[in-house]
Amino acid sequence: MTADGGRLPVAGPAEVRRAAGRLVRADGRAVVGMLLLNVLAAASGLAGPWLLGRIIDEVRAGRGIGTVDRLAAAIALCALAQLLLTRWARYAGHRFGERTLARVREEYVDRALALPASVVERAGTGDLTTRGTADVAAVGTTLRDAGPELLVCSVQALFTLAAVFVVDPLLGAVGVLGLTPIWCALRWYLRRARSAYLDQSAADSEVAESLASTAAGARTVDAFRLAARRTTASRGALATARRTRFHTLYLRTVFFPVVEVSYSLPVAGVLLLGGVLHGRGMVSLGAVVASALYLRQLTEPLDEILIRVEQLQSSSASFARVEGLAQAPQAVPEGSPVPADDRIDVTGVRYAYERGGEVLRGVDLTVRPGERLAVVGPSGAGKTTLSRLLAGVDAPSAGTVTVGGVPVADLAPETLRRQVVLVTQEHHVFLGTVRDNLLIAEPAADDEELWAALAAVGAADWVRELPGGLDAVLGGDGCRTDGSKAQQLALARVVLADPHTLILDEATALLDPTTARHTERALAAVLRGRTVIAIAHRLHTAHDADRVAVMEDGLLTELGTHEALVTGDGAYAALWRTWHGTPADDR
């Protein structure tokens, strides 16, 4: 099922059951082994009450101390066997849980990486992050702790109830009848718990998204004095989260007291009926004691089962959110058409964001292979939106963006990465070595190629100064990298990826002007013969380009060389005069 508002989907109960079955089948031998161990442990635990009943009957029959000693020794041996088998079963269960959790995490990472960037942006990183941290952790707790405990206690409870029926069917029926209030409370709880925990998880995601977006845009919040508005939004998200948590707390405060009171009913019923039947000679005292002890012994596994069932509702909601990623739109699979050449054609392109008006209103543009094109214009003109469409991040609402005659949005991720790469000012340094951060772009690159890429973007000198050079650890407790160094690492990845078209959207914005121009020219030299499309905020980039495209209010209004546009006395000439002084300067 898919949520509204661009949120990532949540798997339904049927999908969750199929996913759980798939995980169980993936480690079927371990599951069979756990079941066998639990059956043996439960069988060993049943011997104690039965043997105690035998002791009572033997004493009443006048047997000697030797008989009692032998039965008592048997009780001790069975208790020891139950201890060892239960420990072994839980150990096997924990190992199964850890292996299965590893599969869940790996599947989640694979699915998250397969999501198109547009899907992630619409959903928000807070939801994706919460699913990958809190929800996966909840699933892990269930697999590692709740699952094995639930299996152990379920087998014990079933065997215990069966033992009561073996001792006396009528007493067993009274014991089961006494469990009816627990069954009714459980049904009431289960009908409400899943939706309540899904609401709670969704509210937690909203809190994470609100905090993450506020922290990421802290400078914008401060510049536009949006602190009060962001505080109000965060308080609203927190109030919703608080309300959903109180609702799940209400469910627990109704469910567990009913269960606790109901535990005494089966034992009381068996003692009352057993007393009557024993008085009439229909059942022995040992049978009544054994049945009462069995039902009293049932309290511990049943209590554990109900606690784990409650935990299972929370983790089931988390698993539904984790598994829901499988239903999200995925990137185009491998095997898509291969472009005939490197020519990029934009034809009649229009685009509108979900929560805004139309950003592009009919753009036509052809980018020739090997050309250096600068796209300029005022803020809000649609430059960044055009760059995203050219890179295949978004698909146009109308019209087409093709490379070599193939729509960019139809290219498989690996094919697209070799065709067009978009580099923005938002860069990420991954936890790991410098080498790890670079090999993301080209896993087969050797050290010579890595150093060449770093040199191309002016990063070789500071990387050599790091302890370990390419093997220096970045992020976390390792070497710190500021914004400019992160940008240089990102640009070095671009050099290694070696696309035929490179789109730079403020890719050097965090570098000082001198370094930025040096880096851009170094990249141009390295990528000579490649197509470079630069979203230009510094007009020296437009001055160096083969052609300049001017965007205004979602339209392409001017297209030509720097010299032609400056002498044409249009919008570009006005921008140049404002930025550089006079149209005659530096032609």
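The values are calculated or read from the model by the stated rules, or taken from the named source; none is laboratory data. Because the structure is predicted, anything quoted here is derived from the model rather than measured. In this analysis, Cβ positions are derived from the backbone assuming ideal geometry, glycine residues included, and neighbour counts consider all displayed protein chains.
Go through the stretch 458-489 and count every residue that is touching a His at 6+ places or on another chain (Cβ under 7 Å) and more than 17 Å from residue 436 (Cβ to Cβ). Adding up the residues that qualify gives 2. Out of the residues in the stretch 261-276 meeting the condition of being surrounded by fewer than 17 Cβ atoms within 10 Å (Cβ to Cβ) and in contact (Cβ under 8 Å) with a residue 24 or more places away in the chain, tell me which one is farthest from residue 208 (Cα to Cα). Among them, the one singled out is 268. Residue pairs whose Cβ atoms lie under 8 Å apart, sitting 6 or more positions apart in sequence or on different chains, and linking a residue in the stretch 213-236 that is free of Cβ contacts under 8 Å to residues at least 24 places away in the same chain to a partner that is among the charged types (D, E, K, R), are 214/230; 221/230. If you go through the stretch 97-115 and keep only what is out of contact with any Gly (no Cβ under 7 Å at 6 or more places or on another chain), surrounded by 14 or more Cβ atoms within 10 Å (Cβ to Cβ), of a type in the set (A, V, I, L, M, F, W, C) and under 11 Å from residue 140 (Cα atoms), you end up with just 104.
No other residue among 102, 76 is part of a helix (DSSP H, G or I), modelled with pLDDT of 75 or more and over 48 Å from the mean Cα position of the chain (by Cα) apart from 76. For the stretch 378-396, residues that are under 28 Å from the mean Cα position of the chain (by Cα), within 20 Å of residue 532 (Cβ to Cβ) and in a loop (DSSP other than H, G, I, E, B) total 3.
Each residue in the stretch 157-199 was checked for being assigned to a helix (DSSP H, G or I), buried (at least 21 other Cβ atoms within 10 Å of the Cβ) and not hydrophobic (A, V, I, L, M, F, W, C), and 5 of them qualify.
The single condition from (1) at positive phi; (2) buried (at least 20 other Cβ atoms within 10 Å of the Cβ); (3) at pLDDT 85 or above that residue 392 fails is (3). Entry remark, the stretch 397-443: residues being more than 18 Å from residue 350 (Cβ to Cβ) and either part of a loop (DSSP other than H, G, I, E, B) or of a type in the set (Phe, Trp, Tyr) (or both) number 15 in total. Which one of 121, 58, 107 is of a type in the set (D, E, K, R) and modelled with pLDDT of 80 or more? The unique qualifying residue is 107. Every residue in the stretch 425-445 that is touching a residue at least 60 places away in the same chain (Cβ under 8 Å) and over 24 Å from the mean Cα position of the chain (by Cα), please. Scanning the stretch 425-445 gives a single hit, 425.
Each row is one residue, and each column tells you yes or no for (1) within 29 Å of residue 535 (Cβ to Cβ); (2) in contact with a Pro (Cβ under 6 Å, 6 or more places away or on another chain); (3) of a type in the set (S, T, N, Q); (4) crowded, with 16+ Cβ neighbours inside 10 Å.
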residue	(1), (2), (3), (4)
456	yes, no, no, yes
459	yes, no, no, yes
462	yes, no, no, no
466	no, no, no, yes
471	no, no, no, no
480	yes, no, no, no
485	yes, no, no, yes
492	yes, no, no, yes
503	yes, no, no, yes
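In the set (1) hydroxyl-bearing (Ser, Thr, Tyr); (2) exposed (fewer than 12 other Cβ atoms within 10 Å of the Cβ); (3) in contact with a helix residue (DSSP H, G or I) (Cβ under 7 Å, 6 or more places away or on another chain), residue 210 fails one condition alone, (2). Of all residues assigned to the stretch 240-256, none qualifies as being closer than 30 Å to residue 54 by Cβ, in contact (Cβ under 8 Å) with a residue 12 or more places away in the chain and surrounded by fewer than 19 Cβ atoms within 10 Å (Cβ to Cβ).
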